[in-house]
Every structure is written in structure tokens, then in C-alpha cells.
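Taking it in order: structure first as C-alpha cells, then the write-up.
A short reminder: the numbers here are calculations on the coordinates, not readings from a lab. Model, not experiment: these values are computed from the prediction. Cβ coordinates were reconstructed from backbone atoms using ideal geometry, including for glycine residues, and neighbour counts include every protein chain displayed.
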Amino acid sequence: MRSPRRSPVPLLAGVALLAAVAAISPGTASAAVPAAVDTAAPVLVYQTHNGNVVNLANGSKEVVVTALVTDATGARTPTAGFRAVNGADTAGFGPMVLVSGTPKNGKYERRITVPSTTPKTWFVVVDPLEDTLGNTETASHQDSTTMTVYNSSVPSVPTAPPGVWIAAVGDGMVAIRCNGAPFNGGSPVTSFRITASPGGQTMTASTCSWLFKGLTNGVTYTFTIAATNSRGTSEESQPSAPATPKFALSRTPAPVISGAVEVGSTLTATPGSWQPAPVTLTYRWYRVSSSGMASPLNGAVRPKYVITSADRGFKLSVTVTGSKDGYPSVARGSEATTPVPGILFATPTPVVTGARKVGSTLTANPGTWEPAPVTLAYRWYRVASTGRSSAIPWATRATYATVAKDAGYRLKVVVTGSKPDYPSVSRTSVTTGAIAR
């Protein structure tokens, strides 16, 4: 009995079956590449505002805050407003408006009516940015240019100085200046009060620059400033950067250089006695050009220095730096030496041309002297038959017109080259034949 005939699997169904098997068989088909996921927060390309100093004497004013924001997916609408430089006051915060572009690359604006408060300085702020996927920045954006608001028709207390600049730090003292002048509120500022923290020590001055003394060495301080006029005293400024007074080295003499100033000679830097001992001293030698520019010499960091041919034409100096734990380092420079004598390396023998007879003009061709420029001087001589030479009066040019007195004598010229900081060099021509009448 014959077996029943099975129906064949349709071709398309077979292809589908094979594809399904391939899809579930490891290693038999390529895995799909997942699409890249945006994980970056939006970027604030720039931020500006159009009012740095706003006078409300003639009514309210509007300031426009502008921001350019980019994001691969698309940014959510940013918010912007004002935050007081001193204190926690805020004003005008709200959503910006997309005025051009798209959320992926768009320009936003917010128009804010300036708050009518007592004179105050504000930061213009854009809040942390976020995109549609929830990627968010951790900090807000603060325009580097502040906005000072005042009313010139109503005298008031000054605004706080914009900041405090640490000019220098010394032994138990810090030099301090206002980092910009406050608005005086329509009445002249009469004094400034500066406060040190920690400790709360204060001092008052008539100008916005002080040397704050009586501080404790090794303690780190910050400083704030308030301005006073006839209406009262401003808020405190933002704190300064930290500053730590240190003990000062009590004796820091300038080093003295000794030794012959010539190639191959050894110069010695004598530092003197630095106090309070012990003080660690380091050395640095310099070449000093004729214009006064000093360039450090590679590897020249010891008390002694051997002059090389590369130093020709330069002066030399040394700086000694003293350091000690708990004290600020101090550098002292020596007086520069005289220039190291140079060498004129091209000093050719002059050549005399022209007819050897009375009335003719002889010319001294000096050749090219190096390193240029070199100043050349000329002196002509008569040479007797005995070989004795005598200088010809007034014959000090490159050319010489022979006269009757030269008849029977031979002539020669001496060319002398000179250059600042180089020894002079003289070269003598070959003696001519006797001058004919």
C-alpha cells in the first residue's frame, strides 16, 4: 500500500519559516543597531541684556534679556529674571519667548520691567536649561555684566561696590581695592567701610583703596565693602577672593655679580645674608639685550655661570629667589654686567683702486663687515722708501685726491670698524706703487 502523499509547504511560507528560525538562532543574523539617545542638556551659546545702568527718574524702563540655546532634541522654554547681587531678592522671573529659529537652535527673549526699588545692582540670570527628554543643567547662567538701577531724582543710599579686588598680600596685611565704583545714590560717597571675615574687624577710609593691617598671619580672610553717603550706608558687597597674610622675610639683599666679563670667564652671584635664616635660595641667569629685554639662559640655575660665545654683545644678570615655609617667596635681581665683548667676524682687507699719479683720486673699497651694521673709519698714509708711514692730514674719507706732495711716495689706507659692545678692528690695505708726477 502506498504512503499518502504529503502536501508541499508553499514557497513563501517556507521563506518566512526560515527567516523566523534565523531570527531566534543566536549568531545567525546581524543584531539591529539601536538609535543614539540624547543624554546632553541644552547649551546656552550666549546671553545678553540691553541695560547695564538704568535710571528710573523719568519712569519705568524695560530691559530685554536675550539667549541663544541649542539642543539635539529640542529645548524647553527657558526662564529668565533678575537676582540681587547682594541679598536674596529676585524680580521679573518668567518664561522667555522663542523669537527666531527652533527649539533645537533658537533665539529667545524676555522683556522685563525694571523693579522700582531703592538703588540696587542685579545679576541678569537664565535658569538651568532643560530639554524635552528631561536632560537638565545643574546651575543657572549669570551674565558677567550686572545691571545697576537707581533714580537720580530721589537721593538715596549708594549701591554696594560691585566687588573687592585683592591687590597684594603681606605680613599681617592685605591691600584691597573696590572692583568698580558704586552708584552714589545722587549724593556723594563720603566713606567706605571694609569688613574682614573671620573676626569681623572693620576699618573706614575715604577712598576705595586700603591697606588692611592687624591681620593674623596664616589665617585665610575674605573682605566686603559698604559705601556711605549723606542718606546712609549701602549693603555689603560680594565677598572678595580668599587671601592669607604671611610672615615676610626681613632681609632680602640684591645679589652682586663678580668675575671678568669675557667669553670663558666664570661669573659668581653673591646673594648676601637672607633673614630669618635658614632661607632656601635659587638662581636664574639672564641675557640682557641693548633694549633692556631679559631672556632666561637654559640650565643656568646655579650661583656660578661660565660665559659662552653666544653671550657676546649681551649684558648678564642674575635673579635670586628666597623661599621659606610660611613666608611668601621673594625675588631679587642683580645689576646687569657690562656687555660681553663681541667679535666682528667679517673684517676684510680694504682694496685701493685708481691711477697712481698726482691729481688722480684713489678709492678704498672696504668690503662687507659683519655683523652689520658696522661703522667704518678711514685714514690714509704716505709710505716712504724706508718703509716709514706718516698719516696724511685730513685724509679720513673713503676717497683721496693725490697732491704734488705725494709724488714719489707709496700710499696705503687703514679701515677701522667699530660697533657698540664690540672691540674695534683695523685692517690695512696693500701699499700702492709710487705716485708719479
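Descriptive notes on the structure:
- Sorting the segments 71-79, 134-142 by their mean number of nearby beta carbons within 10 angstrom, highest to lowest, gives 71-79, 134-142.
- 29 Å tail of the calculated P(r), region 80-239, as % of Cα pairs: 35 percent
- √(5λ) per eigenvalue of the Cα gyration tensor, region 43-150, largest first, Å: 27, 14, 10
- For the chain, the spread of Cα positions along the three principal axes, ordered from largest to smallest, is 138, 113, 57 Å.
- A simple rule links phi to the HN-Hα coupling: the Karplus curve 6.51 cos²θ - 1.76 cosθ + 1.60 with θ = phi - 60°, which for region 107-112 gives 9, 10, 9, 9, 9, 10 Hz, with x for Gly and Pro.
- Estimated Rh, region 74-114: Kirkwood, alpha-carbon pairs, angstrom: 11.3 Å
- Over all pairs of different C-alpha atoms, region 351-428 has a mean inverse distance whose reciprocal, the Kirkwood radius, equals 13.4 Å.
- Under 5 Å, built H, 5+ apart or other chain: amide partners of THR148: VAL53, VAL54, TRP122
- Relative intensity of region 256-333 on a log10 scale, I(q)/I(0) at q = 0.25 Å⁻¹, equals -1.19, per a Debye sum over C-alpha point scatterers of equal strength in the absence of solvent.
- In this structure, the amide hydrogen of ALA160, modeled 1.01 Å from its nitrogen in the peptide plane, lies closer than 5 angstrom to those of THR121, GLU235, counting only residues at least 5 positions away or on a different chain.
- For the chain, with +1 on Lys and Arg beta carbons and -1 on Asp and Glu, the positive-most of PHE314, ALA181, ALA67 along the dipole: PHE314
- Ellipsoid equivalent to region 165-216 - semi-axes via the Cα gyration tensor, in Å: 23, 12, 9
- Cα principal axis extents for region 131-186, largest first, Å: 52, 45, 14
- Residue-by-residue Karplus 3J(HN,Hα) for region 279-287, coefficients 6.51, -1.76, 1.60, Hz, glycine and proline x: 10, 7, 10, 10, 10, 8, 8, 9, 8
- For region 232-308 versus region 327-346, the gap between their alpha-carbon centres in whole angstrom: 13 Å
- Cβ charges +1 (Lys, Arg) and -1 (Asp, Glu), total dipole of the chain, debye: 2600 debye
- Its relative contact order, with pairs defined as Cα atoms under 8 Å and 6+ residues apart, puts the chain at 9 percent.
- Whole-Hz Karplus values for region 126-140 come out as 10, 5, x, 7, 9, 9, 5, 8, x, 5, 10, 6, 9, 9, 7 Hz, taken residue by residue from phi with 6.51 cos²θ - 1.76 cosθ + 1.60 and θ = phi - 60°; glycine and proline positions read x.
- Database remark: amide H of GLY170 closer than 5 angstrom to the amide H of ALA175, LYS246 (H placed geometrically; neighbours at sequence offset of 5 or more, or on other chains; Pro and chain starts carry no H).
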